[in-house]
């Protein structure tokens, strides 16, 4: 076969340029960063449990995977951000994102809706100084969903008039009176009692216990009495939502409260505005005023309001040691991050022995 002279020159020019080792490494790292970012954003992300608000269902030192696809992944509000940093740059401590581009809330289709008693990761709604997707991540149990009426009576949750399911790991604070002698720390460790301390020199203790552990402590020969701490109905706590003295709720006796549902309509008056004002004004971007007992939304008198989003009521299983919706109100649907699905690693910070430090029984355990 014959080639023209010009063809042979073109063939000699079309030589493949081989990448240098440095360029290959850079390309590989960029690909890995982009791939990992897409996976974290749209499919699954790793989280760590930093506090005891979900003990004993989830423990401090649990490392878990949270599914974004169950409820549907959100399109980021602030797409310009440093990879693998949430809202703060590692070491530097500076802001890790730019707000040059701001996208409205949009969620891709998921496999399911948020259900009652799901363990859910969400953005803390009260951080108004940050974009929604850059607010602190919290994990709690979703007790109430949009359309539910929730009531807490002496620590028990009722949904729509029926007693709600209780997690086996649910804990409360108990007052324990002994004959003056203390508790052996090894015995407390055996029962995995990690919170609480002596409150007086007379053998009085406050311990955070599951119902099962409370029954065991009751049988100790030095225990004279044990009783769950309970704030009585009608006792107003100013740190409890909606922070209104005319609504005397506390951590143990709360509600009834209607959890807003998308498309659901409520009657508005000066009495319930303290409950729903933030949802209407902050989360749904309306101007709200109450003048002479009348409610005005966007300068028009309103006697009803129809919600644009679903809302959720989250509570920690460690009922007396959890800052949750009882303290700051509803979680809007645009704050939902994903569903906690399983623990892949669990480390006990109090253990120094590496083998004992790993909680082997919790590895790859499903979250219920």
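Pairs of alpha-carbon atoms within less than 8 angstrom and 6+ residues apart define the contacts here; what relative contact order does the range 133-196 have, in percent? Walk me through the numbers on the way to the answer.
On the way: 23 pairs, mean separation 8.7, N = 64.
Relative contact order of the range 133-196: 14 percent.
What angle do you read, to the nearest 10 degrees and between 0 and 90, between the alpha-carbon axis of helix 21-42 and the longest principal axis of the chain? Here the helix axis deviates by roughly 40 degrees. In percent, rounded to a whole number, the relative contact order of the range 165-310 is 18, using alpha-carbon pairs under 8 Å and six or more apart. Can you check what the Kirkwood hydrodynamic radius comes to for the range 171-228, Cα pairs only, in Å to one decimal? One over the average 1/r among Cα pairs gives 11.1 Å for the range 171-228. Take the Cα of residue 303, step 7 Å toward its Cβ, do the same at residue 149, and the gap between the two points is 2.1 nm. Taking every C-alpha pair closer than 8 Å and separated by at least 6 residues, the mean separation divided by the residue count of the chain gives a relative contact order of 20 percent.
Where does each of 266-279, 310-323, 107-120 land if you order them by average Cβ count within 10 Å, highest first?
Values: 266-279: 17.2, 310-323: 22.9, 107-120: 15.4.
The peptides rank, most packed first, as 310-323, 266-279, 107-120.
Given the alternatives (1) 36, 22, 20; (2) 69, 25, 18; (3) 47, 33, 16, semi-axes √(5λ) of the Cα gyration tensor in Å as computed for this entry is given by (3).
A protection proxy built from the mean count of other Cβ atoms within 10 Å ranks the segments 172-179, 142-149, most packed first, as 142-149, 172-179. Under the shape rule built on the C-alpha gyration tensor, where the axes satisfy a ≥ b ≥ c, the range 197-296 is prolate, since a/c reaches at least 1.5 and a/b is greater than b/c.
Would you work out if the range 56-163 is rounded, prolate or oblate? Take a ≥ b ≥ c from the square roots of the eigenvalues of the alpha-carbon gyration tensor; rounded if a/c is under 1.5, else prolate when a/b is larger than b/c, oblate otherwise. Since a/c reaches 1.5 and a/b is larger than b/c, the shape of the range 56-163 is classed as prolate. Here is how the number arises for the chain: DSSP H runs of 4 or more residues each give -39500 (n - 2.57), the sum is divided by the residue count, and the result at 222 nm is -4500 deg cm²/dmol. Comparing 287, 102, 186 in a Gaussian network model of the chain, where Cα atoms under 10 Å apart are tied by springs, the biggest mean-square fluctuation is seen for 186. Of interest is the spacing of the C-alpha centroids, which for the range 314-368 and the range 180-237 amounts to 23 Å.
Bear in mind that the values in this text are calculations on the coordinates, not laboratory data. Not measured: the values here are computed from a predicted model. Virtual Cβ from ideal backbone geometry, glycine too; neighbours counted across all protein chains shown.
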